[in-house]
Amino acid sequence: MSKVTAPEIRARKGGAKIRMVTAYDYPTARIADRAGADIILVGDSVANVVLGHTDTLSVDTEVMVHHTAAVTRAAPDALVVGDMPWMSFHVSPEDTVRNAARLVREGGAAAVKIEGGRKRLGVLAAVLAAEIPVMGHLGLTPQSVHAMGGYRLQGKEVHAAYEMISDAQALADAGVFAIVLEGVPDRVAQIVTAEVPVPTIGIGAGAGCDGQVLVMHDVLGLGGGEYLPKFVRPYASLADDAVGALERFFDDVESGAFPSADETYHMPDESFEILRDLVDLESRVDR
Ligand code: KIV
């Protein structure tokens, strides 16, 4: 497969479903790429699933650059999108462009994601003018947790749904290459998908979107038993598998079954004899 680009994703509207997953470091990026991801999102969900925070507000551009660079060092074929964290696009268009450029120049991302609708049009235009492709993100935008009063389904009421559709149209008109729809009723996501000319990528938005995204640690069951939202389908229980593997390792350490002769470096007999004689001699001299 050759490197996936933002214009290619834009051209997938209504075609083969887009496969997107988060990754935050070199090994998870390699796993995502081997599995055939079209897009790897270095999400600010790194704050929750990797760094143990309770929300995404605690990560800044520095953290996102660090993780994005780890992902791109895996040289995936997938398009790598760097998530712009809270307060990295709220101060001014100039500041936003500088932060987006760091994700591209230092992190190696080929696109960035910005949460929010029409109120982001100013900063969006500035980033696009700097030739950086932008992915939009509407619905349950986790950086708005305090403004939303918690992590709640968005667009339930007619008025809110209508506003979301208008936001999506405005983002598409501005030039985003795709829009993530998170925590949205399926029918609203279907209307947005039908109304905008760019692909929608759903997470908790039903089956009618042009693609789907999930957090890698949720898909793989790597989270260690925390609460999982209704829209997550875990396809593995890697945390349990990992605990089992480590328990077997510790049992083998305790019993002496690890390491075996095959897992050990050996000194040739001849050198060993010389070394032992040397140590014996020295200990006799010391006495
Ligand atoms: O940060 C993230 O992981 C995200 C996805 C859930 C879309 O924004």
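Only the coordinates and a few stated rules stand behind these numbers; no lab work does. Here the structure is a predicted model, which means the values were calculated and not measured. Cβ sites come from the backbone with ideal geometry, for glycine too, and all protein chains shown count toward neighbours.
When all alpha carbon pairs of the stretch 57-206 are counted in 5 Å bins from zero, the resulting P(r) reads 2, 10, 19, 21, 20, 15, 9, 2, 0 %.
Kirkwood hydrodynamic radius computed over the stretch 242-286 comes to 13.4 Å, based on all pairs of distinct alpha carbons.
At 222 nm, what helix-only mean residue ellipticity would the chain give, in deg cm²/dmol to the nearest 500, using -39500 (n - 2.57) for each DSSP H run of four or more? Result for the chain, helices only: -12500 deg cm²/dmol.
Label positions at His146 and Ala35, each projected 7 Å from the Cα along the C-beta direction, are separated by 3.4 nm. Maximal additional length on extending the Ser2-Ala130 stretch stands at 43.6 nm, based on 0.36 nm per residue less the C-alpha distance. Using the average count of surrounding beta-carbon atoms within 10 Å as a protection proxy, the listed peptides 262-269, 64-71, 245-252 rank, highest first, as 64-71, 245-252, 262-269. Straight-line cross-link partners of Lys3 among the lysines, defined as a Cα under 25 Å from its Cα and at least 8 positions apart when in the same chain: Lys13, Lys17, Lys113. Using Cβ point charges alone (K and R +1, D and E -1), the dipole size of the chain about the Cα centre works out to roughly 1780 debye. Mean separation of Cα pairs under 8 Å and 6 or more residues apart, divided by the residue count, gives the stretch 6-236 a relative contact order of 19 percent. Cβ-Cβ distance of Asp55 and Tyr235, R₀ of 25 Å, FRET efficiency by 1/(1 + (r/R0)^6): the value works out to about 0.45.
How would you rank 56-63, 153-160, highest first, on the average number of other Cβ atoms within 10 Å across their residues?
56-63, 153-160
Quick one: Debye curve from the C-alpha atoms of the chain, no solvent, what's log10 I(q)/I(0) at q = 0.16 Å⁻¹? Values returned for q = 0.16 Å⁻¹ are -1.26. The gain in end-to-end length when the Arg284 to Val158 segment is fully stretched comes to 36.2 nm, 0.36 nm per residue minus the alpha carbon separation.
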